[in-house]
Amino acid sequence: MRKPSLPPGLAAGAARGAGRLSQKLGQGGGTTLPGLVLTRLRPEATAEMALAVPDGVILISGTNGKTTTARLVRAALDAAGAKVAANTAGSNLERGVATALLNADGAEVALFEVDEAALPGIAQQTRPRVVTLMNLFRDQLDRYGELEHIVERWQEAVADLDPASTVIYNADDPAVAEIAAGHPNTVSYGIEDSRVGRDKLPHAADTTECRSCGTPLHYEMVTIAHLGRWSCRECGLARVQPDVQATRVELHGLDGQRLAMATPEGPMELSLRLPGMHNTYNAVAATATALALGLAPEAIGPALAKRESAFGRAERTPIGTRRVTTLLAKNPAGANENIRTMLLEDCPLHLLVLLNDRTADGQDVSWIWDVDYEFLLEDDRLASLTLGGDRAYDMALRFRYAGFDADRLSVVPSVSAALDAALRACGADGDLYVMPTYTALLELQSVLAGRGLVPAFWEDK
Amino acid sequence: MSAGPSAVRLCHLYPEHMNIYADRGNIAVFRRRLEWRGLKLEVAEVGLGDSIPADCHLYYLGGGQDRDQALVAENLARKAGPLRQAAEDGAVVLGVCGGYQLLGHSYTASDGRRMPGTGLLDLETAAGNSRLIGDVVLDVTLMGQTSEVVGYENHAGRTHLGGGCTPLGRLRRGHGNNGDDGCEGAVAGRLVGTYVHGPLLPKNPWLADALLGWALDHAGGPAGLEPLDDSIEHAAHAVARTRAGRKR
Ligand SMILES: [Zn+2]
């Protein structure tokens, strides 16, 4: 039985009204409600609106980095003067995409970051012109199920794409490379500079066997988790030489990095205000995506260079004489990259870790045991450690069993009080680093906004 | 490998393939709780290509993705002899999630394929058509002492016990072995299997010490473990119990 469907104009009007009402009632930025209402009243609305965007739809998905990459591509499109519909400040599920399309009056192109589990459904509805597949890491097993399950669903999604569409994929991720392999029209990207890699897989590496024959993969270089220059010595399956690649990576701690890239359009040099190798991947992915959209390399570089971190992604907030750097950490791969980036700083580290276990964080907090917090304990780099959030005591146990002296732990579940405790521990001019999970980041943001230190979330551009 | 009576030898089975629910947390708990008492943990890691030593005091088998578990099942069934021997001699065996399933007779996947188990525990597992996910609270009685165990479960398997083992505990929250009979895990002598991860031991230090006590006894080490300051453990335990009561 088909669900009843309201005519397009009526459905859109009702949805917009719901969004305005929600904002008036102070229920947030209205980035999801209109879309939710719209798709309930008219399930085919997303497909219809997507079809009406003249230059097509771009989808960016992966466990980590999709928000930042979408913002970078957005910057390049803005610089080129394109009128863009995007969900860069909103939800990355179906309802967020529908809301962005609803507000897309006159947009020439639509750009969406998409939750990895929602990608198949959104791709089916929006019939994208470009799909950028970034990475698949172990993340929230209670919500997404096993990694293999997502791999299979992505494979089906790619098989269902228009053959003329372009799939941009991370060649350094063996699972993502396999997913893209079936598509006739692909662009690969990756990191080539071996000086920034490691020679050993970290603990939380997921795809470490050859996807063709099951033999453990050989890594010439490991960048993040199971990403790197991989090959199978048994059957010969190997990473391709990426079409767009970072040939030189100079990481400058939390201040950013300089990159040299080789692209089919020639070499590019790039300064980024985003730190860490995860952002190297984001920048290379964004460059590959922007090039696939026909933007010129000369325009892409400067646009990316201007982009600063999104809230919570290595963003720095001054509080009095101190700086607070917030590094969202919602899964082992992301947390490990944050730790690596923090260790590039040459100062004593004052750290606040905020662990929540709500639906958007994943209710299973096991993942913290897969993070290599132990690196922070080497050379006594941790000057102070404060633990907050709903599951602060779980995090305290993680550090206690890593070997951190329990007497030096400060456990303060309330986010607001934990921030104060951590700032006190910093002293007058120490820098504080905060690693929150997703909903803890939103709480922290609201605490900081309440103190007038950062704008409210829905004002994010 | 030499271990005096002050060291417990742990055999970590398939750490590369069976490590999905933070199993290294359980190993860290064994290590630290021995260290804090002036004792030592020695770990032997056994992978697909290694044979299983028979002279360890404690054997640990964690959870894995379906694909990895299938790979490990055949391998382990083939070479479980020394593990069975060690268990008969009084070694402790702990299996969590997929590791628990492999301690039973077999695992029947949703497509009907049958994965062999080791048969160390008298139980059978078959895949159900949904995953049993969420917080778990159960009462566990070991050696005449009843305590509460908290954690998280996420498994498709429905496990039914035979007469050769008893449930590890009675559920107060969660789905447990099969979602039907109110039981969680299995125990037979010093063999323990459970679906509870999170990981299992950090928030349940009492259970960790019970297992370590057995392992030390088997190692000929000191009887009885000095109490530790477990205030953080107890606080985390209490939070997990509260979260288990939340609306979802
Ligand atoms: Zn191979």
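The values are calculated or read from the model by the stated rules, or taken from the named source; none is laboratory data. Predicted model, so just to flag it, every value in this text is computed and none were measured. All Cβ positions, glycine included, derive from the backbone under ideal geometry; neighbour counts span all protein chains shown. Note: areas computed on protein heavy atoms with side chains; ligands, DNA, RNA excluded. Shrake-Rupley method; radii C 1.70, N 1.55, O 1.52, S 1.80 Å.
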**Request:** For the stretch A:29-305, with all protein chains present and a 1.4 Å probe, just round the carbon and sulfur fraction of the accessible area to a whole percent.
**Result:** 48 percent
**Prompt:** Over the stretch A:67-116, what per residue volume does the convex hull of the Cα atoms give, in whole Å³?
**Reply:** 61 Å³
**Message:** Over the stretch B:7-243, what is the relative contact order in percent, taking alpha-carbon pairs closer than 8 angstrom and at least six residues apart?
**Reply:** 19 percent
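What percent antiparallel are the DSSP beta bridges of the protein assembly as shown, to the nearest 5?
Beta bridges within the protein assembly as shown, antiparallel portion: roughly 50 percent.
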**Partner aspartates and glutamates for B:LYS79 [C-alpha distance under 19 Å; skip if fewer than 8 residues away on the same chain]** = B:GLU16, B:GLU45, B:ASP50, B:ASP55, B:ASP68, B:GLU88, B:ASP89, B:ASP122
**Asked** Dipole magnitude of the protein assembly as shown about its Cα centre, charges +1 at Lys/Arg Cβ and -1 at Asp/Glu Cβ only, in debye to the nearest 20?
**Response** 1680 debye
**Prompt:** Does any residue of the stretch B:130-158 lose at least 20 Å² of accessible area with all protein chains in place compared with its chain alone, and if so which ones (probe 1.4 Å)?
**Reply:** B:ARG131, B:ILE133, B:TYR152, B:ASN154
**Request:** Using only atoms on other chains, find how many Cβ atoms lie within 10 Å of each Cβ of peptide A:368-375 and report the average.
**Result:** 3
**Item:** Heavy-atom accessible surface of the stretch B:7-243: percent carbon and sulfur, 1.4 Å
**Value:** 48 percent
**Asked** Which FRET efficiency value, to the nearest 0.05, do you get for A:SER231 and A:ARG316 by plugging their Cβ-Cβ distance into 1/(1 + (r/R0)^6) with R0 = 41 Å?
**Response** 0.55
**Request:** Please compute P(r) over all alpha-carbon pairs of the stretch A:29-305, binned at 10 Å starting from zero, and give each bin as a whole-number percent.
**Result:** 7, 31, 36, 21, 5, 0
**Fill in**
Given Cβ charges of +1 for Lys and Arg and -1 for Asp and Glu, the option among A:GLY121, A:GLY65, A:LEU93 whose Cα lies farthest towards the positive end of the dipole of the stretch A:44-125 is A:GLY65
**Fill in**
Amide H contacts under 5 Å for A:LEU385, restricted to residues at least 5 apart in sequence or on another chain and with H modeled in the peptide plane, are A:LEU351, A:SER410
**Prompt:** Rounded to the nearest 100 Å², what is the sum over both chains of accessible area buried where A meets B, with a probe of 1.4 Å?
**Reply:** 3200 Å²
**Asked** By how many nm would the segment from B:ARG113 to B:ASP139 lengthen if fully extended, with 0.36 nm per residue of separation less the alpha-carbon distance?
**Response** 6.0 nm
**Complete:** Two pseudo-spin positions, 7 Å from Cα along C-beta at B:ALA223 and at A:ASP78, lie apart in nanometres by 7.3 nm
**Message:** With θ taken as phi - 60° and the coefficients 6.51, -1.76 and 1.60, list the Karplus ³J(HN,Hα) couplings across the stretch A:251-260 in order, rounded to whole Hz; mark glycine and proline as x.
**Reply:** 8, 10, x, 7, 6, x, 7, 10, 10, 10
**Item:** Cβ-defined net charge surrounding B:HIS218, 9 Å radius [Lys, Arg +1; Asp, Glu -1]
**Value:** -1
**Prompt:** Rg and Dmax of chain B, Cα atoms, in Å?
**Reply:** 16.8, 51
**Item:** Å² per residue, accessible surface of the protein assembly as shown at 1.4 Å
**Value:** 37 Å²
**Peptide B:232-245 - average C-beta neighbours from other chains (10 Å radius)** = 4
**Relative counts (whole %) of C-alpha pair distances in the stretch B:121-248, using bins that are 5 Å wide** = 2, 11, 19, 22, 20, 14, 8, 4, 1, 0
**Message:** I need the per residue convex hull volume for the stretch B:91-156, using only the alpha carbons, in cubic angstrom as a whole number.
**Reply:** 93 Å³
**Request:** Report the dimensions of the protein assembly as shown along its three principal axes from the alpha-carbon atoms, largest first, rounded to Å.
**Result:** 76, 62, 51
**Asked** In percent, what relative contact order does chain A have, based on Cα pairs under 8 Å that are 6 or more apart in sequence?
**Response** 12 percent
**Request:** Enter the mean number of other protein chain beta carbons within 10 Å of the beta carbon of each residue in B:30-43, as an integer.
**Result:** 1
**Prompt:** Taking accessible area as the heavy-atom solvent-accessible surface of the protein chains with a 1.4 Å probe, which residues of the stretch A:167-208 lose no less than 50 Å² upon going from the isolated chain to the full protein assembly?
**Reply:** A:HIS203
**Asked** How would you rank B:60-72, A:245-257, highest first, on the average number of other Cβ atoms within 10 Å across their residues?
**Response** B:60-72, A:245-257
**Message:** Semi-axes of the equivalent ellipsoid for the stretch A:188-287, please: Cα gyration tensor eigenvalues, times 5, square-rooted, ordered largest first, whole Å.
**Reply:** 26, 16, 10
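Carbon and sulfur atoms: what percent of the 1.4 Å accessible area of the stretch A:313-450 do they account for?
Carbon and sulfur together cover 50 percent of it.
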**Request:** State the cysteines of chain B left without a partner when partners are defined as other cysteines whose beta carbon lies under 4.7 Å away.
**Result:** B:CYS97, B:CYS165, B:CYS183
**Asked** Hey, if you put +1 on the Cβ of every Lys and Arg and -1 on every Asp and Glu Cβ in the protein assembly as shown, which of B:GLY81, B:ALA236, B:VAL29 ends up farthest toward the positive end of that dipole?
**Response** B:ALA236
**Message:** So in chain A, which Cys have no other cysteine's beta-carbon sitting under 4.7 angstrom from theirs?
**Reply:** A:CYS347, A:CYS426
**Fill in**
With a ≥ b ≥ c from the Cα gyration tensor eigenvalues, square-rooted, and the rule rounded for a/c under 1.5, otherwise prolate when a/b > b/c and oblate otherwise, the stretch A:313-450 is rounded
**Fill in**
Distance in Å, no decimals, from the C-alpha centre of the stretch A:302-320 to the one of the stretch B:148-217 is 47 Å
**Request:** Note every residue of the stretch A:399-430 with a reduction of at least 50 square angstrom in accessible area, all protein chains present versus the isolated chain, computed with a 1.4 Å probe, or write none.
**Result:** A:ARG400, A:TYR401
